[in-house]
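A.B. asks: One structure coming up, written as C-alpha cells, with questions to follow.
The values are calculated or read from the model by the stated rules, or taken from the named source; none is laboratory data. Being a predicted model, the structure only gives us computed values, none of them experimental. Quick reminder, even Gly has a Cβ in these numbers, built from the backbone with ideal geometry, and neighbours come from all protein chains shown. Note: accessible area is taken over every heavy atom of the protein model, side chains too, but ligands, DNA and RNA are not part of it. Shrake-Rupley method; radii C 1.70, N 1.55, O 1.52, S 1.80 Å.
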Amino acid sequence: MIFSDASVPGEGEHKILDFIRSQRAQKNYDPNTSHCIHGADADLIMLGLSTHEAHFYILREAVLQEKDKKCRRCHQSGHLAHECGTEAANDPVKAKLAQSVQFQFVKLAVVREYLYLEFKDLKLPYTFDFERIVDDFVFLCFFVGNDFLPHLPSLSIREGALDALVFMYKNALPRLGGYLSKGAGELDFTKVDILLSDLARVEEDFFK
C-alpha cells in the first residue's frame, strides 16, 4: 500500500498516473497488468486513455437524481425496477441508502474499441496510428473543459461539442499531414491551427 496525503504536492489521480508510468518503465513490467481507479471525476477517463494501458477501469458511484428514477415495472417515480416491491421502495430513507451504494464500472478498453471503430475506415495519406488518434482525442477533449481549463464559449459538452469536435477532426485529419500530437505531451501547433480555423468557421453557428 502506498499512502500519499496532502503533504505530498499534486492531485491524487495524477499521483496515481505517475506511479503507473513509473511501473511501465520497469524492465519486468507485465503489459497485461490491470488498473482500477475509484473516483467520480470524469477526467479519469481521459487520464486512463492517456496511459494507453490495455486493461484500465474506473469505478465510480452512480450519479442519479431522484427525478430520474423511474420504475419500468410499476411505472412509478422514486425507485428503480430492482427496488420495486421491496421495503426500500416504500421508505425514502432506505431507498436513498440503497441508491448510494450503486456503482458504475467504466471499461476503458471498450471506450478504446469504440474510438477505433469510429476511425478505422478513415483513408489517410500517411500511416494509420490508433494510439496517436487516442492522444489527439484526449487533447480535443480539453476544449470542452476539465479541472484546470474552462470550456471554449462555443463548445458545451451538453450540447454535443464532443461529437462536433470528432466530426471536424475526422474531416481534417487526411489533409493535416499527420497527427495533432507528437508524443511525450508535445503538440504540432501548425496542425492544431488548421483544426481551430475549421472550428472558427462554424463557431458563430454554434453560438446561434
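A.B. asks: So which residues in segment 136-155 are over 12 Å from the mean Cα position of the chain (by Cα) and either open to solvent by less than 40 Å² (accessible area, probe 1.4 Å) or closer than 15 Å to Tyr169 by Cβ (or both)?
C.D. replies: The answer is Asp136, Phe143, Leu152, Ser154, Leu155.
A.B. asks: If you don't mind, another one. Would you confirm whether or not segment 41-59 contains a residue that is more than 23 Å from Phe130 (Cβ to Cβ) and open to solvent by 60 Å² or more (accessible area, probe 1.4 Å)?
C.D. replies: No; the residues of segment 41-59 include none that is more than 23 Å from Phe130 (Cβ to Cβ) and open to solvent by 60 Å² or more (accessible area, probe 1.4 Å).
A.B. asks: Mind checking which residues of segment 1-53 are in contact with an Asp or Glu (Cβ under 8 Å, 6 or more places away or on another chain) and among the β-branched types (Val, Ile, Thr)?
C.D. replies: Ile20, Thr33, Ile37, listed by residue number.
A.B. asks: Could you say which residue among Leu199, Leu173, Leu162, Leu195 is under 13 Å from the mean Cα position of the chain (by Cα), part of a helix (DSSP H, G or I) and farther than 28 Å from Thr33 by Cα? Walk me through how you get there before you give the answer.
C.D. replies: Numbers: Leu199 fails: under 13 Å from the mean Cα position of the chain (by Cα); Leu173 fails: under 13 Å from the mean Cα position of the chain (by Cα); Leu195 fails: under 13 Å from the mean Cα position of the chain (by Cα).
Of Leu199, Leu173, Leu162, Leu195, the one residue that is under 13 Å from the mean Cα position of the chain (by Cα), part of a helix (DSSP H, G or I) and farther than 28 Å from Thr33 by Cα is Leu162.
A.B. asks: Something else about it: For segment 142-159, which residues satisfy the criterion of being among the aliphatic types (A, V, I, L, M) and assigned to a loop (DSSP other than H, G, I, E, B)?
C.D. replies: Across segment 142-159, the qualifying residues are Leu149, Leu152, Leu155.
A.B. asks: How do the pairs read when you match residues in segment 118-141 that are over 18 Å from Glu186 (Cβ atoms) and free of Cβ contacts under 8 Å to residues at least 12 places away in the same chain with residues anywhere that are open to solvent by less than 60 Å² (accessible area, probe 1.4 Å) and assigned to a helix (DSSP H, G or I), using Cβ under 9 Å and keeping only pairs 6 or more apart or on different chains?
C.D. replies: Lys120/Phe130; Phe128/Phe119
A.B. asks: Among the candidates Ala54, Ala6, Ala25, Ala40, which residue alone is hydrophobic (A, V, I, L, M, F, W, C) and in contact with a strand residue (DSSP E or B) (Cβ under 8 Å, 6 or more places away or on another chain)?
C.D. replies: Ala40
A.B. asks: Being open to solvent by less than 70 Å² (accessible area, probe 1.4 Å), closer than 24 Å to Leu149 by Cα, among the charged types (D, E, K, R) and modelled with pLDDT of 90 or more is the filter here; which residues of segment 4-40 pass it?
C.D. replies: Lys15, the sole residue that qualifies.
A.B. asks: Determine the pairs where a residue that is under 15 Å from Val138 (Cβ atoms) and in contact (Cβ under 8 Å) with a residue 40 or more places away in the chain, located within segment 177-198, has a partner that is open to solvent by less than 30 Å² (accessible area, probe 1.4 Å) and β-branched (Val, Ile, Thr) with Cβ atoms under 9 Å apart, the partner being 6 or more residues away or on another chain.
C.D. replies: Tyr179/Ile133; Leu180/Val192; Ser181/Val138
A.B. asks: Follow-up question, since we're still on this one. Tell me the helices (runs of 4 or more DSSP H) entirely within segment 63-122 that contain at least 2 residues that are modelled with pLDDT under 65 and farther than 29 Å from Ile45 by Cα.
C.D. replies: Hits in segment 63-122: 87-90, 92-100.
A.B. asks: Report the residue count in segment 168-179 for those that are over 13 Å from Ile133 (Cα atoms) and either in contact with a Ser or Thr (Cβ under 7 Å, 6 or more places away or on another chain) or open to solvent by 40 Å² or more (accessible area, probe 1.4 Å) (or both).
C.D. replies: 3
A.B. asks: Within segment 180-204, take every residue that is open to solvent by less than 60 Å² (accessible area, probe 1.4 Å) and polar (S, T, N, Q) and give me the one that is nearest to Ser154 (Cα to Cα).
C.D. replies: In this case the residue turns out to be Ser197.
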